[in-house]
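Single-structure report; data block below.
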Amino acid sequence: MPCGEDWLSHPLGIVQGFFAQNGVNTDWEKKVIEYFKEKLKENNAPKWVPSLNEVPLHYLKPNSFVKFRCMIQDMFDPEFYMGVYETVNQNTKAHVLHFGKYRDVAECGPQQELDLNSPRNTTLERQTFYCVPVPGESALFLNFPFNAYVNANQARVSPSTSYTPSRHKRSYEDDDDMDLQPNKQKDQHAGARQAGNVGGLQWCGEPKRLETEASTGQQLNSLNFSSPFDLNFPLPGEKGPACLVKVRIIFASVQLMDASALLDPMECTDTAEEQRVHSPPASLVPRIHVILAQKLQHINPLLPACLNKEESKTCKFVSTFMSELSPVRAELLGFLTHALLGDSLAAEYLILHLISTVYTRRDVLPLGKFTVNLSGCPRNSTFTEHLYRIIQHLVPASFRLQMTIENMNHLKFIPHKDYTANRLVSGLLQLPSNTSLVIDETLLEQGQLDTPGVHNVTALSNLITWQKVDYDFSYHQMEFPCNINVLITSEGRSLLPADCQIHLQPQLIPPNMEEYMNSLLSAVLPSVLNKFRIYLTLLRFLEYSISDEITKAVEDDFVEMRKNDPQSITADDLHQLLVVARCLSLSAGQTTLSRERWLRAKQLESLRRMRLQQQKCVNGNEL
């Protein structure tokens, strides 16, 4: 078995050692997983595992141990592969068993050939996910030690490789399906596999050479998502590799995950179009064979990966931060007040919006969502663009949708099934949970929405109202629940539904908006910005409850308000008031509703309504 330092650069040697010790006994697979789990618990070990999100593919060795933070964009049909296979030496007639897990190709040594009739051959099944980097992920949050990794001997690889083991050569149809481990060489893929049908074997022959040029040239440069090979990113302009991720673990419900795996680049499907989509060049879409996978609760690197675990480190981190929450909230409120041109009430509501989340569902009703319509934004100004830049600095993932007639008519919002290529074509609304979606309605001009445009507006309305996206499978639609924070910036009242409308009242109009916003960002220390980022992520995951005593007080308040003025408050208004009170309590680090926070929520709502009424009187129409 290789020495301990080889687990990053030569993980297959570790796997081979356990397989050789245990043979066909399946215990070897469990031992492999436990080995790597223990290795990752060592001091700073996870930081030294190269990430496909940050390290260009041509810097990584074939068959090395890597990690990939990603969103599952599509799931291909299950494939079959040779979990264990036997080879025969043509000269000595010696029989040798090999493992096929973590490989795409049945690998043979010199003078060896595959014994297809061996009773010891085992066919297994695995799932292939098409995974993309987290859509809208902010580069401002990523502070991984890329340079430390690249400078390490184990990490650096020259632009070409001469590693050429003998292997079984497959037919053209079978060869296209073998690109599944991100940095593995194409010749290192073992096993019989196929996406959809019983897989073809790879026969002995000259291996393909690993392409070492990074695939960044394949980035999408326009909103129509056109490129020589469409990497199927949900958002335009996204960077980073898409990967085919192969797992034997089937997840019940996963959208975001972090995979630690073997890197492998290779290429079997039916139609030509399906073959092109399911088996792109490994230099463009590398293959990963998963050893460990974790469903991500969030993607903020400043917090522990799982906030629900009652580990001492996690508990200590949370309790320490909660003890200094009040000054952080005060600083954040001041920062956002300046970003909103001196409007402290709008800043209060923006904080509540940014920490809101769908915490449960009652039938079809998502509870906890808080879509805000920030009206009164200056038209023909760069204010909304710079406000989005501020939000980008605060949240891990975000996207600004410029709501123009052209974009509404031509962009694809809803993912749809392409039956010719047998894949799910992504849409703008295929986003991970807790993404901040900023819809800029100030850019909307007069014009005609065509049928796709109307469908896109309907999709946005359904997302806001029901927190769901209806994927289009041609013959039917399938609902996928989501949890997206939507902020709408508009001049008047938005055309889209919103839980809350707050009219912006600027206290100052900077002569140069860009210079003002840049100076605002530069004035905030990076350590303070990091506290803001932790604050906005952490508070989403706090448990919240309302005591029986406060519940009774809220009911009495509601009855009293209805008695004084039946038109002043409805059941929907009460629901919104409870959402505001919930977010307000959490923003102060309180996990239960107090009388004080309830009164503060009523005060905020009263001020907001009063402002809207004043603006309505000024303009003579409803905002």
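The values are calculated or read from the model by the stated rules, or taken from the named source; none is laboratory data. This one's a predicted model, so the numbers in the text were calculated from it and none came from an experiment. Every residue, glycine among them, receives a Cβ derived from its backbone with ideal geometry; neighbour counts consider all protein chains shown. To get the accessible areas, we keep the full protein, side chains included, count just its heavy atoms, and leave off ligands, DNA and RNA. Shrake-Rupley method; radii C 1.70, N 1.55, O 1.52, S 1.80 Å.
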Counting only residues 5 or more apart in sequence or on a different chain, those whose built amide H sits under 5 Å from that of residue 482 are 468, 469
Between residue 316 and residue 420, with labels modelled 7 Å along Cα→Cβ, what's the label distance in nm to one decimal, could you check?
5.9
Test of understanding: extend the Cα→C-beta vector of residue 557 to 7 Å, then name every residue of the stretch 527-541 with backbone N under 16 Å from that spot.
none
Can you give the charge dipole size of the stretch 312-541 about its Cα centre, rounded to the nearest 20 debye, using +1 on the beta carbon of Lys and Arg and -1 on the beta carbon of Asp and Glu?
920
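Mind checking the per residue accessible area of the stretch 312-541 for me, 1.4 Å probe, whole number of Å²? Mind dumping the intermediate values first?
On the way: 9520 Å² over 230 residues.
So the stretch 312-541 comes to 41 Å² accessible per residue, rounded to a whole number.
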Could you order the peptides 430-436, 229-235 from most to least packed, using the average number of other C-beta atoms within 10 Å per residue?
430-436, 229-235
Expressed as a percent, the accessible surface of the stretch 312-541 that is carbon or sulfur, using a 1.4 Å probe and the full set of protein chains, is 53
In whole Hz and in residue order, list the ³J(HN,Hα) couplings for the stretch 378-388 that follow from phi through the Karplus curve 6.51 cos²θ - 1.76 cosθ + 1.60, θ = phi - 60°; x for Gly and Pro.
x, 7, 6, 10, 8, 4, 5, 5, 6, 4, 4
Grab the beta carbon distance between residue 609 and residue 588, set R0 = 25 Å, and tell me the FRET efficiency rounded to 0.05.
0.65
Once R0 is set to 25 Å, what does the formula 1/(1 + (r/R0)^6) return for the Cβ-Cβ distance between residue 305 and residue 477, expressed as a FRET efficiency to the nearest 0.05?
0.15
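Beta carbons within 10 angstrom, averaged per residue: use that to sort the peptides 385-391, 423-429, 527-533, highest first. Before the final figure, lay out each step's value.
Values: 385-391: 19.7, 423-429: 22.3, 527-533: 16.3.
Result, highest mean first: 423-429, 385-391, 527-533.
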Greater than 26 Å separation of Cα atoms is the criterion. Which listed pairs, 239/295; 246/295; 369/412; 412/468; 246/316; 531/552, meet it?
246/316; 531/552
